[in-house]
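The values are calculated or read from the model by the stated rules, or taken from the named source; none is laboratory data. Computed from a predicted structure; not experimentally measured. Positions of Cβ are generated from backbone atoms using ideal geometry, with glycine treated the same way; all protein chains shown enter the neighbour counts. Side chains are part of the model used for accessible areas, which takes the heavy atoms of the whole protein and leaves out ligands, DNA and RNA. Shrake-Rupley method; radii C 1.70, N 1.55, O 1.52, S 1.80 Å.
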Amino acid sequence: GERVHRVTDLREFYRALGYTEEIRRAGVMPDEFIWLEYIKDNCSKSAAHLQAQIIKYLSTHSAAFREEYGDRYEGWLSALAL
């Protein structure tokens, strides 16, 4: 029930997921990028890739995440087998 992290810089969050300035200039919105890249049928990456990027983002940007889950970080990434 406790908040681990609040994303305050959406630009940085989307950048961590692979959303680049070039993609933005091409007219692709961040949520559309996530759909196309990680979720849509036959997308280039899997939901596991998205999870790994979110875990990496949290480990970099959230002290609460590192404190609570830091000992499991490597194991999660290994379990995702990326």
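So which residues in the stretch 38-54 are of a type in the set (A, V, I, L, M, F, W, C) and without any contact (Cβ under 8 Å) to a residue 24 or more places away in the chain, if there are any at all? It would help to see each step written out before you state the result.
Of all residues in the stretch 38-54, those of a type in the set (A, V, I, L, M, F, W, C) come to 39, 43, 47-48, 50, 52, 54.
Of everything in the stretch 38-54, those that are of a type in the set (A, V, I, L, M, F, W, C) and without any contact (Cβ under 8 Å) to a residue 24 or more places away in the chain turn out to be Ile39, Cys43, Ala47.
Could you tell me which numbered condition Glu37 fails, if it satisfies all but one of (1) charged (D, E, K, R); (2) touching a Lys or Arg at 6+ places or on another chain (Cβ under 7 Å); (3) assigned to a loop (DSSP other than H, G, I, E, B)?
If we test Glu37 against (1) charged (D, E, K, R); (2) touching a Lys or Arg at 6+ places or on another chain (Cβ under 7 Å); (3) assigned to a loop (DSSP other than H, G, I, E, B), just (3) comes out false.
Show the residue pairs meeting these rules: Cβ distance below 6 Å; 6+ apart or different chains; first residue within the stretch 68-82 and at pLDDT below 85; second residue not in a helix (DSSP H, G or I).
Cβ pairs passing all conditions: none.
Inside the stretch 43-73, can you point out the residues that are part of a loop (DSSP other than H, G, I, E, B) and either among the hydroxyl-bearing types (Ser, Thr, Tyr) or open to solvent by 50 Å² or more (accessible area, probe 1.4 Å) (or both)? Steps first, answer last, please.
So the first thing to find is which residues in the stretch 43-73 are part of a loop (DSSP other than H, G, I, E, B), and the list is 43-46, 62, 70-72.
Passing the criteria: Ser44, Lys45, Ser46, Ser62, Asp71, Arg72.
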